Structures are given as C-alpha cells and as structure tokens.
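Chemist: This structure is in structure tokens; I'll ask about it shortly.
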Amino acid sequence: MNDSSNLQVDCIPRRLRSGTTPPGRIAQASAVYERKLYIFGGTGGALGSGVSNLTYSVDLDDPAAEWKLLETSSPAPAPRSGATAIIKGHHLNVFGGQSGSANNKCNKRESFGDVWRLNLKTFVWKPPQVGGMSPTPRRHHTAVRLDSSPMSSQSKECLLLFGGEGTDRSFPCSVYLNDVWRLNIEKKIVMWD
C-alpha cells in the first residue's frame, strides 16, 4: 500500500524575479548541468515574433540565486523555438527548432535540422561535425539522452529523437513526424544512425 504522507520533495518552488530574468516565453530548450538550469531560445511573441537565441542560467541550490544572461561566443545558433537540449559532459547539445519568420511557399517558419554545442565552461558555441544521414529539419520534437548500458560491450551515449513537426523528404509543407533517430554524441564527430 502506498503511503503518500511519507513523500518528501527536495525542491522548493520559488519564483525567480531577480537578475537578468528571461522574458516570458514558450518552446524554449532547457537542461540541467551541475545543478544549474540552462534555458536556450524560445519565443515570447505572437506568430513567431520574439524568437531568441539567448541562453540564461540559474543555480537551483542557491535560495538567493539570480538569473544570469550568459555572454556566449559568436557565431551562435540562429534564433529558434521548439528545439531540444541535452547535456553530454560539460556541453549543452541543441537540436532543431524553428525560426521566427515565414519564408517558404507553405507560409511556415523555417525548421532547423542542425546540431549545436555550448561548452558550459567557456560559453563557446560550436556546431559539431556531423556524419551519417540526418533527420529532416523539425520542431516541437522530443529528445532524451540515452546512456550506454552497463551490460553492453559498446559504450555509446546518444541523443534519442522522436517525431515533431517538419517536412517529409517528398512533401514541402509541414507534417507530423513519427520517426526515431539516434545521434551518437560520444566523439567529436557526432554520427546519426
């Protein structure tokens, strides 16, 4: 029998309004590294306006923590919303998303199929060298980090990607996707398979 009265939660909700607070937004990518929350991109306006490529962080263990707008290197990824992010080592890996303006015959915002890495020690953005056949550009997909199995002789940590909205290779307008992709993020040259 489950006794929920013994449930303990070690996270105290708090509204962080000090420091360089990110503007209200949706569809941002986020991940946690060394107990700091990192937020990248997202949109804060109607119909794709206010799309950002800024990165913010806040220390989750410090009750007096303030938001920080990170001063990252240039070039940085294009402004985007609907991207995903995972941590590997001390890198924030960002995939996909969509731009803020419509520029094609279907009047849809451009989707991205690129991978970017932010070094969380130096705050330098770099697109890694990517091999293999890449998934079609997409937004609003899901991604998780899949650690290698201790039972496996092959050590591969990867980004596992599912679905989203994008374009099918044979159809120029947006469709909902149901494909699964794996990006091996173990090496400097990352590989889709």
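Chemist: Work out how much length ASP61 to SER74 would gain on full extension: take 0.36 nm times their residue separation and subtract the Cα-Cα distance, in nm to one decimal.
Modeler: Value of the extension gain: 1.7 nm.
Chemist: Sort HIS140, HIS91 by accessible area with a 1.4 Å probe, largest first.
Modeler: My answer, sorted largest first, is HIS140, HIS91.
Chemist: Okay, next question. Leaving out ligands, DNA and RNA but keeping every protein chain, what accessible area does THR20 have, in Å² rounded to the nearest 10, with a 1.4 Å probe?
Modeler: It works out to around 70 Å².
The values are calculated or read from the model by the stated rules, or taken from the named source; none is laboratory data. From a predicted model like this one, the values you see are computed outputs, not experimental measurements. Ligands, DNA and RNA are stripped out before the accessible areas are found, and what is left, the full protein with its side chains, is counted by its heavy atoms. Shrake-Rupley method; radii C 1.70, N 1.55, O 1.52, S 1.80 Å.
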